[in-house]
Structures are given as structure tokens and as C-alpha cells.
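The values are calculated or read from the model by the stated rules, or taken from the named source; none is laboratory data. Being a predicted model, the structure only gives us computed values, none of them experimental. Note that each Cβ is placed from the backbone with ideal geometry, even for glycine, and that neighbours are counted across all protein chains shown.
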Amino acid sequence: MRVMAQMAMVMNLDKCIGCHTCSVTCKQVWTNRQGTEYVWFNNVETLPGQGYPRRWEDQERWKGGWERTRSGRLRLKAGGRAKRLSTIFANPDLPALDDYYEPWTYDYKSLTEAPAGDDLPVARPYSQTSGEPMDTVTWGPNWDDNLGGAPENAPKDPLVQKVGERIRFEFEQSFMFYLPRVCEHCLNPACVSACPSGAMYKRAEDGIVLVDQDRCRGWRMCVSSCPYKKVYFNHATGKAEKCTFCFPRLELGMPTVCAETCVGRMRYLGVMLYDADRVAEAAAVEDEHDLYPAQLEAFLDPRDPAVAAAARASGITEEWLDAARRSPVFDLIRTYQVALPLHPEYRTLPMVWYVPPLSPVVDAVAATGHDGEDAGKLFGAIDTLRIPVEYLAELLTAGDTYAVEAVLRRMAAMRVHMRARNLGEAPDPGIAAAVRLTGDELEEMFRLLAVAKYEDRYVIPSAARADAEALLGEDAACPVGEKPGKPTLLNLSPTRRRSA
Amino acid sequence: MDLLLWGVLPYVVLVLLVAGAIWRGRYDRYGISTHSSQLHESRMLRIGSPLFHFGMAFVVVGHVVGLLIPQSWTDAVGVDDHTYHLLAVSTGAVAGVAAVAGIGILVYRRLKVPAVRRAGLRSDRLMYGVLIGAMLLGLTATILNSAGATGDYDYREGISVWFRSLFAFRPDYALMADTPLAFQLHILFGFALITLIPYSRLIHMFTAPVRYLFRPYVVYRRRDPRRQAQRPLRRGWERVR
Ligand code: HEM
Ligand code: SF4
Ligand code: SF4
């Protein structure tokens, strides 16, 4: 057992209101520069829809992620090392700017400097890459937001094409939800593996995947190899850039900007411990449906004394171990098993997981005039509403509807249980038992998912403490410290979640 | 004059190349990139770039063979002059024409596609000029030479011998005095191109990712707070204005 720690995120899709605050704050912090106009480290897609870049899930086209060879080994989908190096002069799998969208701005000056006259001055759109005026803007960020233009756009969703055209895109007949996306900081990152210059790396301490800007040479192989299309090419600097998981904030114990500013309070951040020796095996299991359970099994329970001992032996500090024990992410992924990985079939072992939305099911039940919190109705609907379930399964479990149904049942059970509580009735213990949890567990899950206190959502051990000790020495006094002899570290509040 | 051009200049070029490469490696790693423009335009690039690069690879190999391998060696293994030149000119012509066609497509694209033109570097104009100049002069010299317009000049007894004498630090510059003009110009453009390598996008050729073939897929690195605390301020993302 080789224990490694990973900062991970879980997003509770039921609570995303599609406000794009996360995207905007992220962009203001990270990609409001020349060369990154079209880049959104965080973006929120409406599903069903094409996403950003358009049809990014179509790996037959972009060749992102890994594939399993017949001999059971993993190979990048774009081919072996020699093959990819031979296509380095022009990457056949690289999305073009049009697949994202051509960034533009307006000629605002013509508004303020127009001479007085009878005609209303207009500001024309100008391309930010070519500098030429654009006659019609035909695609942009979130062009198909809230199923806008769905009859035309949504059938091009690769998942819709897999599930089949049975999904109807008529008002009141379609289901819809939002999918916020950031880099997955994968355990088996395809981007890092495809980088010819070795500029991309995974940090050993927290698993954050970064691009060393001084070492990147602009071979742009990572861009196409990331199946989630979360590495972007800065066309002004000639370097790849990607979501940094806001590491300067995490190192100080603060949540990422997208999480901190999330209006729906639907993001969770915490530590996951995993067995590095099992990563390769988990990513290479034969049946795609086994990828989710295999990754689940590669995670380690920090409350297990043997794991804790092995973690200490691997150099994981007590602060991190403590955070791992209180990790909300661990609880959602492992304890309650309500979070699922995004597209496990790409075999990168992603580390941003999602609690699937129950709302398409609840809405459908409510639309038929029934009670959306009735256990029988909800469970029945999960069984009969094949389309949303199959669609979610294509998204989160490589098409295995069983796991999605199990999660949705737990969510439904929580809903029904809490309604009884709120009405002062005694909850039916059979409901909790039916999803193999206890009533107390359902209530704990409710506190985490629905009440979602700030200190419960983010449990972030800082790197700064360890750094300060490394820099100052264990007992070096901080020059601004009050008590002599005792180091006063940066103003870091202790991680806040009650011990679990 | 001959001494300056063929006896001193080569060493000046070498010093500028090495000094520039060291300077970039130490102080401007951030600036080293292919500055790929594939995001803006892919169709022409996918033809032009491989054509140019593969052509160029053969051209470079051809130059190395032609300049470094003495005639006595090929004679010794029984390759006579005629066969040698037939081989050299035929493979050289294919590679040379491919490279020229490739760079033609690339330059056309750079001029015609607005986004690609805007993405160009300041050093690009000079670099493309010198590169194309050197390539066209090289082809001209070869054509003239094969057509017999340069008398019975054999570069393997002239330029190559001079080139190898450079490494012994006893440049045989007199040998270059009666080299045909086309070859002389080609060499001067070549000098300019080599000098430009570290100061233009051409630096990317020195960072060719050969080690990729031998390293494990996933790279792990540890933070080193000591190193981060002392990181000097170098060129990087633009400052906020
Ligand atoms: C040996 C390994 C080399 C590799 C792996 C390599 C790779 C590349 C790559 C990936 C690009 C960017 C293409 C794009 O996406 O826009 C490029 C551009 C370029 N390379 Fe190379 N190159 C190599 C050697 C050379 C050499 C020896 C030369 C010239 C003597 C050269 C000249 C150029 C030029 C002029 C461009 C710019 C093309 C354009 O956009 O117009 N390269 N190279
Ligand atoms: S999601 Fe992130 S870590 Fe995973 S392959 Fe893409 S860029 Fe790399
Ligand atoms: S800020 Fe939160 S609720 Fe709003 S779009 Fe982003 S993830 Fe969804």
C-alpha cells in the first residue's frame, strides 16, 4: 500500500441553479488575460446539450483519454508515444477555436465618440483573435444555455445520440440540468501522460495537476489528450494553461474561487486518500461498468488504523490525516456512496465527482399531479423514467444504470425521510433500510447535502503550516509572534468541520 | 575579407548561437515555445507543417552527411562519385522541394489568415525571410551545380573540407575564395539562420521532446517551499495594467 493524498471536489447537481457565478469569478481571477479570452477553467453546461467545447464528449473525434488494449494494458486513445510524436507537427485531434467559440468584443468607442446625428450609433462585434469585424456572432459561451435552441442543438449531444433520439426537446417534455465542470485533477491524468516535454505534473502532496509554464513548449498534445477538454492553449503565449484548483488558496486552507462563490452552495472540497499502487489496475479493468467500483476500491479509509499508519509512513502529516477523516468528499463518495465520477470510461480516474440530480425525476412525478415526496411514487418513477436515468448513466457510470438508480434511491429516501421529520411524523425505518442506510445516516447526509454549512462543505488542510515549519524549523519563533519561543503561523483558522 | 567571412564569422555565429541558447535556457525558459497557431487554422497547417518539418529533417541529415563525411570514406566503401551525387541530388531534391513547398504553405497561411498573422512574433518576419532565403539559395546552388553552370565544382572537395577544418580551429578559408557565388550566399544565409535560432521561435528545435520516449507516463513533482520563496522575477504572464 502506497498512500497518496488528493484534494477532491464533489458537486451536488440538484443544487446547481445554473447562475454561472462560478465561471465568472473563476474567469476574473484566472483567465481575463490576452490569449485566454476563450478560456473558461470553470464552465457550466446545460444538459442535454453540446457542451464546451462543442461535443467534447465525442472521443471518436478528439481521441481524449485512455483505451484498454486487447492485452489489457492502457494506451492513450490518440496512440502510442511514437505515433503521437510523429503527428507533433500538426495535431490531428486538436479542437479549433470555432469548437470553443471565437471570442469577441465590441467597438464601444463608436458609442461614445459618435458625432451627434439622427442615427443611433451601434457597437459592432470584433473578433479578439483576428481583430476583424464579425458580421454575425453564431456561437459563444453558453449559447445553448437552458436548452436554448434545443431542437437544433441538443440532438448533437453525443450522449443523446447514445441514449437514442427518444429524448424529446419540447417544452415541458424535456428534462434538463446543469453540469459545472472544472479540471478533474485525475489520478491517471491523460494530459500529463501526453505532455512531450514533461511540463505537466501531478503534485505529490495534494494531487493537483499543473502546467509548468517555464517548461511547456507548446506541443499542444495535452489539449487533445484530456478527454474533458480542460487544458487550453493560450494563443498569445504559446503555452498550455489549465485549472489550478486555486492552489494558492488551497495552500492557505481556503476553498477554490468557484467553490467559495457558488451561489447554490453545491460544491464540497476535501481530502481523499488512495492507494497509488492500485491506480493502474483500477484504470485498466476490462468492463467499463467496473471502473466506478474499481476506483471506489482504490480509495482508502483514513479511519482505518492500518491506513493511517501507512499514510504516516508515506509522509502524510497529522493535519492532512485529520482532514481526511473529516472529509465531506469522502463521506459523499464512500460513506453514503451518492457521488459518482464523470465519464469513468475515459479511464483517467477523475477526482471531481457528482451527486446526480434527482430533480428530473421529482419534476416528472410532480408533473403527473402526484406528490413528489411520496416514497412509492419516487421509487417507481426512478424505475420507469428510463430516459433521464440512462442519460445520467452515460454521464456518470459508463452507462451502468444500476449504480445511478441506487444513488437516486438514496436521494429519494433522504427526501421522504426528512419530510416525515419536518412534519413531525415518525419516519418509516423501512425506507432507510431499503437503501441500506440508517435513519441517522440519512439525516447526517441531509445536513451535508441540504443544510450544507460552509464549515461542513470545505475541509482543507493547509500546506502553509508544513511550509512554515520547513522554512522556519520546528521551533523557530515567528518574528511577529507574541509569545516568544512559540511559532505564530499565518492567520489560519483551524479546519472547521466537526469531527466525524 | 575571405578571412573575415570564412575564418572569423563562423566562430562569431557559433558564439552567438551558444550564448543565445544559454541565455534563453537560463533567463527566458518561459519564452521558449513553438507558438503553435493550430488553434486558429488547422487545414493548411496539417499539410504545410509536416511537409516542411519532415522535408527539413532530411535536409538537415543531408547537410550533416555531405559536410562531415569525407570523400575518402565513401570512396573506401566503394561508392563512386557518380552514384554519390545521384543519391544526394535525388533525395536532396525531394526533401528540399517538400520543405520549400511546406514553408510556402506556412507563409501563405501566416499572411492570409488574419488570426494567424496577428499571432505572429516580432522576430517572425526576419526569421521567415532568412529561412526562405537560405532554402531557395541552397536549391539554386544545387541546381546550378548539377546543371554544370558552376564548372566542375565539387563541394565535397571545397566547402566540406573547409567546414571540417573549422572544427580543428584552423579554418582553411582560402578554399572558400573560389567557391561559386550561389554557394557562398547560401552559406551566409545559413549563418544568419543559425544565429537567429536562439533569438526566434526556432529555439523550439533544441527542445525536441526526445526524452518523452523514455519517461513514465505520469510525472509527479513535490512542492519545494524553499524554491518558491526565492523564485526570481522573470518574464511570465503579462502584468496587470
Ligand atoms: C526537431 C524537432 C522539431 C519539432 C518537434 C518541431 C515542432 C514544431 C511545432 C509543433 C510547430 C508548431 C506548428 C503549429 O501548430 O503551428 C512548429 C513550427 C515551426 N517550426 Fe518546428 N519543429 C522541429 C524542428 C524545426 C526545425 C529544424 C525548423 C527549421 C529549421 C523548424 C521550423 C519551424 C517553423 C518555421 C515553424 C513555424 C511554422 C508556422 O507556423 O508558420 N522546426 N515546429
Ligand atoms: S481533467 Fe484535468 S487532470 Fe484529467 S486529463 Fe484533463 S486536464 Fe488532465
Ligand atoms: S455558482 Fe454554483 S449554483 Fe451557480 S452555476 Fe456555479 S455551480 Fe451552479
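The residues on offer are B:144, B:106, B:121, and the sole one that is surrounded by fewer than 16 Cβ atoms within 10 Å (Cβ to Cβ) and among the aliphatic types (A, V, I, L, M) is B:121. Pairs linking a residue in the stretch A:42-63 that is closer than 19 Å to residue A:220 by Cβ to a residue that is small (Gly, Ala, Ser), with Cβ atoms under 7 Å and 6 or more positions apart or on different chains, are A:59/A:65; A:62/A:224; A:63/A:78; A:63/A:224. Close Cβ contacts (under 6 Å, 6 or more residues apart or on different chains) running from residues in the stretch A:122-151 that are touching a residue at least 60 places away in the same chain (Cβ under 8 Å) to residues that are surrounded by 13 or more Cβ atoms within 10 Å (Cβ to Cβ) and charged (D, E, K, R) comprise A:128/A:37.
Of the residues contained in the stretch B:31-39, none is found to be surrounded by fewer than 17 Cβ atoms within 10 Å (Cβ to Cβ) and either of a type outside the set (A, V, I, L, M) or not in a helix (DSSP H, G or I) (or both).
Look at the stretch A:1-22: where a residue is over 30 Å from residue A:321 (Cα atoms) and a partner is among the hydroxyl-bearing types (Ser, Thr, Tyr) and part of a loop (DSSP other than H, G, I, E, B), sitting 6+ places away or on another chain with Cβ atoms under 6 Å, you get A:21/A:261.
Of the helices (runs of 4 or more DSSP H) entirely within the stretch B:149-205, those holding at least 2 residues that are more than 14 Å from chain A (Cβ to nearest Cβ), under 17 Å from residue B:133 (Cα atoms) and more than 16 Å from ligand 1 (Cβ to nearest atom) occupy B:181-196. One residue is enough: does the stretch A:180-188 have a residue meeting the conditions within 16 Å of the chain's Cα centre (by Cα) and either β-branched (Val, Ile, Thr) or facing chain B (nearest Cβ under 8 Å) (or both)? Within the stretch A:180-188 (the criterion being within 16 Å of the chain's Cα centre (by Cα) and either β-branched (Val, Ile, Thr) or facing chain B (nearest Cβ under 8 Å) (or both)), the answer is yes, since at least one residue qualifies.
What helices (runs of 4 or more DSSP H) lie completely within the stretch A:65-130 and have 1 or more residues being within 11 Å of chain B (Cβ to nearest Cβ)?
Correct list: A:81-86, A:97-100.
Is there a residue being within 21 Å of the chain's Cα centre (by Cα) and either among the polar types (S, T, N, Q) or under 20 Å from residue A:128 (Cα atoms) (or both) anywhere in the stretch A:72-92? No. Name the one entry in A:201, A:228, A:268 that is within 26 Å of residue A:19 (Cα to Cα) and within 13 Å of ligand 2 (Cβ to nearest atom). Every option except A:228 fails the conditions. Does the stretch A:259-271 contain at least one residue that is more than 16 Å from ligand 3 (Cβ to nearest atom) and modelled with pLDDT of 95 or more? For the stretch A:259-271, residues more than 16 Å from ligand 3 (Cβ to nearest atom) and modelled with pLDDT of 95 or more: present. Applying a threshold of 7 Å to beta carbon distances and a minimum spacing of six or more residues, or different chains, the list of pairs starting in the stretch A:383-394 at a residue that is small (Gly, Ala, Ser) and ending at one that is assigned to a helix (DSSP H, G or I) reads A:393/A:401; A:393/A:404. Note on the stretch A:15-39: residues that are surrounded by 19 or more Cβ atoms within 10 Å (Cβ to Cβ) and more than 16 Å from ligand 1 (Cβ to nearest atom) total 13.
Among residues of the stretch A:159-177 being assigned to a helix (DSSP H, G or I) and either of a type in the set (A, V, I, L, M, F, W, C) or at the interface with chain B (Cβ under 10 Å from one of its Cβ atoms) (or both), the one that is nearest to ligand 1 (Cβ to nearest atom) is A:159.
Per-residue answers, yes or no, for (1) surrounded by fewer than 24 Cβ atoms within 10 Å (Cβ to Cβ); (2) within 13 Å of chain B (Cβ to nearest Cβ):
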residue	(1), (2)
A:237	yes, yes
A:244	yes, yes
A:250	yes, yes
A:256	no, no
A:265	yes, no
A:268	no, no
A:287	yes, no
A:296	yes, no
A:309	yes, no
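Checked against (1) of a type outside the set (A, V, I, L, M); (2) within 15 Å of ligand 3 (Cβ to nearest atom); (3) modelled with pLDDT of 95 or more, residue A:56 passes all but condition (2). Of the residues examined, residue B:210 is one that is out of contact with any Lys or Arg (no Cβ under 9 Å at 6 or more places or on another chain), β-branched (Val, Ile, Thr) and either within 14 Å of chain A (Cβ to nearest Cβ) or at positive phi (or both). If you go through the stretch A:131-158 and keep only what is farther than 21 Å from residue A:54 by Cβ and assigned to a loop (DSSP other than H, G, I, E, B), you end up with A:131, A:132. Each residue in the stretch A:1-58 was checked for being assigned to a loop (DSSP other than H, G, I, E, B), more than 16 Å from ligand 2 (Cβ to nearest atom) and within 14 Å of another protein chain (Cβ to nearest Cβ), and 7 pass.
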